[in-house]
Structure formats: C-alpha cells, structure tokens
Amino acid sequence: MSAHVAEEPDTAIEALDWQGRPLRCQDCPHEDIHAEGRCDLGKVCVADRRRKRIDRFFSQNATLAARYLDHPYFEVRALAAKHASVFLLAPLKDDPEPDVRVVAAARLPAARVKEMRFDAEPRVRIAVAERLEGSDLVALLADGDYQVRIAAARRAPPDALVYLMHDPETDVRRVVARRLPQAQLTRMASDEDPLVRVVVAEHLDPDRLAPLVSDPDMRVRFVVAERIDPRFLPQLTEDSVPPVAEIARQRLASP
C-alpha cells in the first residue's frame, strides 16, 4: 500500500502568471495596496494563474474588479465578474469562455439573460434555468442536456412538467414526480424505474396509493405501507417481504 501524500498547500506553490512566467511585486501596478496589506505575492494576487489567489484578491479589493473584466486570462474575468457592478456585466454574455458566461447568467437581471437559454454551453443554460421563472422555462424543458432539463424542472410551473413525465432520464422523472400535481402524478405510478415509483409513492396522497400496493419493487411497497390510507393495508399485511408486512400490521394495530 502506498503511503498517503499530503496535498501541497497553496502558499507553497510558485507564483506564476497565467502564461507561466514568474511573478515579481516590482512589476505590479498595485504596489499601493501591497503596502496596505491587501495583496500578497503567492497568496493574494490578481496576476497569479491560480484561481484561489485571484479570488482572494477580488474578495479584498472588490472596487478594482471593473478593471479586469476584459483581462486576457478567463479566470481573472470570471472572478472579476463576481465582484464588479452588475451594470458592467452585459458584454460578458458573449464572452468566449463558458466560465465567464456562467457568472454573467447568475448575476445579471433575469430579464437580461433570457436569450442565454440557447447558449452552446450546458453550464450556462443551467445557470439561466436557475434564474428564470414561469413560461420562460418551457423551452429548457426540451433541452438536449438532461442536467439542464433537471434545473428547469425544479422551477418550471408544475402543470408544465407533463412534458417530462416520459423523459428518457430517470433523474429528470424523479424531479418531475416531486412536483407534479396529484392528478398527473397518478399517471407516473406505472413508471418503468422503481426509483421513480418510490418518489411517486412518497408524494401521492394516501388515498391515491392503491395502484402501488402490488408494485413489484419492495422499496415502493414499503413506502406505500407507511403512507397509504389504512383501508388498503390488509393486502400489505400478507406481503412476501417481512418489513413491509410488519409496518402494515403495526399501522392496522395502532388506534
């Protein structure tokens, strides 16, 4: 067995710029703030190529972020965008780097990011889905990336989720099952995946669970036994899986 090697601390790594050149404080335009202790070579530095060091710089010098929104290194632009005035971020919607566009989508007013629903990068579309509401999300319910559809399904109007009841991805249908209105949720009781049916069993009203009493998956039947209207419990007391039968008997015996 190989010995565990401790991760090298960030401050022990050489200070290099985004092009791999060694850094010197003498070459920096921020000597004034260095004197004030607001930057520190190898720890807090906007010229460094390491994300943590750049982020520390903007955390301590947010007023300087606007100067770096067009920096050639994308990490600098992305981190500057986290701290700069939102009124300066509109041009970043067309930035060539997805990381920068993600920040723009997360910070700009929702009305300004609506057209970014069709961005080529799924992470950007996810960020947009987390900002939009109502009918603006409908287009994202048909997105080609299932993670985008999940993000949209978490915020879309519940009645719009019928479009995703038969989504090919189990994780999407599970999100849908948590939010569908009761009338439509009943139709998901026959979903092909037991993990989806478990969510259905957890969210259907107790008097609507009868179709799942004979479900082939014991996990589904166990949830049903815990929640179903007591008048449907007798069948479950004879279940072939002892924990399912036991919970049904316990509930029938309860006053």
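For this structure, a couple of remarks:
- Dipole in debye (nearest 20) - region 17-84, about Cα centre, beta carbon charges: Lys, Arg +1; Asp, Glu -1: 340 debye
- Theoretical FRET efficiency, 1/(1+(r/R0)^6), r = Cβ-Cβ of Phe118 and Asp17, R0 41 Å, to 0.05: 0.70
- Ellipsoid semi-axes in whole angstrom, largest first, where each is sqrt(5λ) of the Cα gyration tensor of region 23-84: 17, 12, 10
- Computed Rg/Rh of the chain, alpha carbon atoms with Kirkwood Rh: 1.20
- Cα coordinate range in region 79-135, projected on the principal axes (Å, largest first): 31, 20, 14
- Descending Cα extents along the principal axes, region 138-215, whole Å: 35, 21, 14
- For Asp229 and Ala90, the difference between the fully extended length at 0.36 nm per residue and the C-alpha to C-alpha distance is 44.6 nm.
- Each of Ala81, Ala35, Ala66 was scored by the projection of its Cα onto the charge dipole of region 17-84, and the greatest displacement toward the positive side belongs to Ala81; charges sit on the C-beta of Lys, Arg, Asp and Glu.
- Highest-MSF residue in the chain out of Ala106, Ala156, Ala15 [GNM, Cα springs under 10 Å]: Ala15
- Carbon plus sulfur fraction of accessible area for the chain, probe 1.4 Å, in percent: 51 percent
- Accessible area per residue was computed with a 1.4 Å probe on protein heavy atoms; Lys43 scores about 90 Å².
- Take Asp94: with every protein chain present and a 1.4 Å probe, its accessible area is about 130 Å².
- Sequence of Cys45, Cys28 when ordered by accessible area, the most exposed leading, probe 1.4 angstrom: Cys28, Cys45
- About the Cα centre, charge dipole magnitude for region 143-226 (Lys/Arg +1, Asp/Glu -1 at Cβ), debye: 200 debye
- Solvent exposure, largest accessible area first (probe 1.4 Å, DNA, RNA and ligands not counted), of Leu252, Leu204, Leu23: Leu252, Leu23, Leu204
- Take the chain with all the other protein chains still there, run a 1.4 Å probe, and you get 54 Å² of accessible area per residue.
- In Å, descending, principal axis extents of the Cα set of region 40-122: 40, 22, 16
The values are calculated or read from the model by the stated rules, or taken from the named source; none is laboratory data. Keep in mind that this is a model prediction, so the values were computed, not measured. A quick note on method: Cβ atoms are made from the backbone with ideal geometry, for glycine too, and the neighbour counts reach across all protein chains shown. Areas reflect the complete protein model, heavy atoms only, side chains present, ligands, DNA and RNA absent. Shrake-Rupley method; radii C 1.70, N 1.55, O 1.52, S 1.80 Å.
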